[in-house]
Amino acid sequence: MSFNFPLILVIAVAVCGALALLDLLLLAPRRRAAIATYEGQVSEPDEGVLQSLNREPLLVEYGKSFFPVLAIVLVLRSFLLEPFQIPSGSMKPTLEIGDFILVNKFAYGIRLPVIDSKVVEVGNPQRGDVMVFRYPSDPNINYIKRVVGLPGDRISYSMDKRLTVNGQPIVEQFIGEEPGSLGSAALYKEKLGEVEHQIRKELRRNLRVPGDEWVVPQGHYFMMGDNRDNSNDSRYWNDKHIAKEFLGMVPDRNIVGKAFAVWLSWPDPKLRSLPNFSRVGLIR
């Protein structure tokens, strides 16, 4: 079962805020009036009675206590920063399974929570950015990939695993080899836009590699994982409910934010080991 946490948070803030407002406008004046009436009826007010008359209803007390905390969390999470954990190896070697990352929520514009409508233009994704977005076929799932294609770009990926953007092959510099799922994998240095980063390819021929070409529509982005042979990305998405020209593309409305830093790494999913900070740093 998936939970819409932003919606739950907005509802919680609204309920707590309504309770606080109810107390401010209605219940608190009633308590003060009751205290004033009692003090006018006795010569020496009893402290216990005063405390009883001034006591807030339990629900209101909790609502007023939680409201500022929840409101701060809502503002931070909706407009500034949001934490995520990397669940798969699709972004190796840039991001490893178990990395905890921070996502800049305002880098690509300020959006209203839940409805994700952009209300303030700040900037747009740039080629080479590592971006978190809601999976087009199931917006309840967050994905993280690298921006390869911008609106209007022509992207091609050949059977020999070479990437071309607008007719220009992306230059790769071989770094070395490491163990891979199909025997061994090669690491390369690649530059997309102004961002220089590493990518990973299995050395054995992968039958899953699509040889194809895409034109990125306006308001959409073409995404790829740095682990090129082990990434479910724009090259493979196929949804019968999406028009052909938009297949594989991430619409602007699905953008969550720009991933910019790793702040913790905890690769053990069962939490049997301690987290470490060896991978802390900015994301390239």
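The values are calculated or read from the model by the stated rules, or taken from the named source; none is laboratory data. Computed from a predicted model, the values in this text were never measured in an experiment. Methodologically, a virtual Cβ is constructed for each residue, glycine included, from the backbone with ideal geometry; neighbour enumeration extends over all protein chains shown.
The table below gives the values:
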item: Check on Arg127, touching a residue at least 40 places away in the same chain (Cβ under 8 Å) and either touching a Lys or Arg at 6+ places or on another chain (Cβ under 8 Å) or of a type outside the set (A, V, I, L, M, F, W, C) (or both); result: yes
item: Condition check for Ala34: under 30 Å from Gly281 (Cα atoms) and not assigned by TED's automatic domain parsing to the domain that holds Asn230; result: no
item: Residue match in the stretch 61-73 (condition: among the aromatic types (Phe, Trp, Tyr) and closer than 30 Å to Ala107 by Cβ); result: yes
item: Gly211 at positive phi and at pLDDT below 95; result: no
item: Filter result (under 28 Å from Ala12 (Cα atoms) and loosely packed, with under 10 Cβ neighbours inside 10 Å) within the stretch 27-62; result: Leu58
item: Which numbered condition Arg204 misses (of (1) modelled with pLDDT of 90 or more; (2) more than 25 Å from Arg284 (Cα to Cα); (3) of a type in the set (Lys, Arg)); result: (1)
item: Count - residues of the stretch 67-89 that are surrounded by 17 or more Cβ atoms within 10 Å (Cβ to Cβ) and over 16 Å from the mean Cα position of the chain (by Cα); result: 3
item: Selection count where residues are surrounded by 18 or more Cβ atoms within 10 Å (Cβ to Cβ) and touching a helix residue (DSSP H, G or I) at 6+ places or on another chain (Cβ under 6 Å), scope the stretch 114-135; result: 2
item: All positions within the stretch 90-114 that are under 14 Å from the mean Cα position of the chain (by Cα) and β-branched (Val, Ile, Thr); result: Ile101, Val103, Ile110, Val114
item: Top-ranked residue of the stretch 63-93 - restricted to ones that are of a type in the set (Val, Ile, Thr) and out of contact with any strand residue (DSSP E or B) (no Cβ under 6 Å at 6 or more places or on another chain), ranked as farthest from Ile141 (Cα to Cα); result: Val69
item: Leading residue by the ranking (surrounded by the most Cβ atoms within 10 Å (Cβ to Cβ)) among those in the stretch 144-172 that are among the basic types (Lys, Arg) and touching a residue at least 40 places away in the same chain (Cβ under 8 Å); result: Arg146
item: Residues located in the stretch 173-198, provided they are buried (at least 17 other Cβ atoms within 10 Å of the Cβ) and without any contact (Cβ under 8 Å) to a residue 60 or more places away in the chain; result: Gly180, Ala185, Ala186, Tyr188, Glu190
item: Residue under evaluation Ile141, criteria (1) of a type outside the set (D, E, K, R); (2) surrounded by 14 or more Cβ atoms within 10 Å (Cβ to Cβ); (3) in contact (Cβ under 8 Å) with a residue 40 or more places away in the chain, criterion not met; result: (2)
item: Those residues of the stretch 129-173 which are under 18 Å from the mean Cα position of the chain (by Cα), of a type outside the set (Lys, Arg) and part of a strand (DSSP E or B), in sequence order; result: Val130, Met131, Val132, Phe133, Asn142, Tyr143, Ile144, Val147
item: Elements of type helices (runs of 4 or more DSSP H) contained in the stretch 1-120, each with 3 or more residues being modelled with pLDDT under 90 and under 30 Å from Ala186 (Cα atoms); result: none
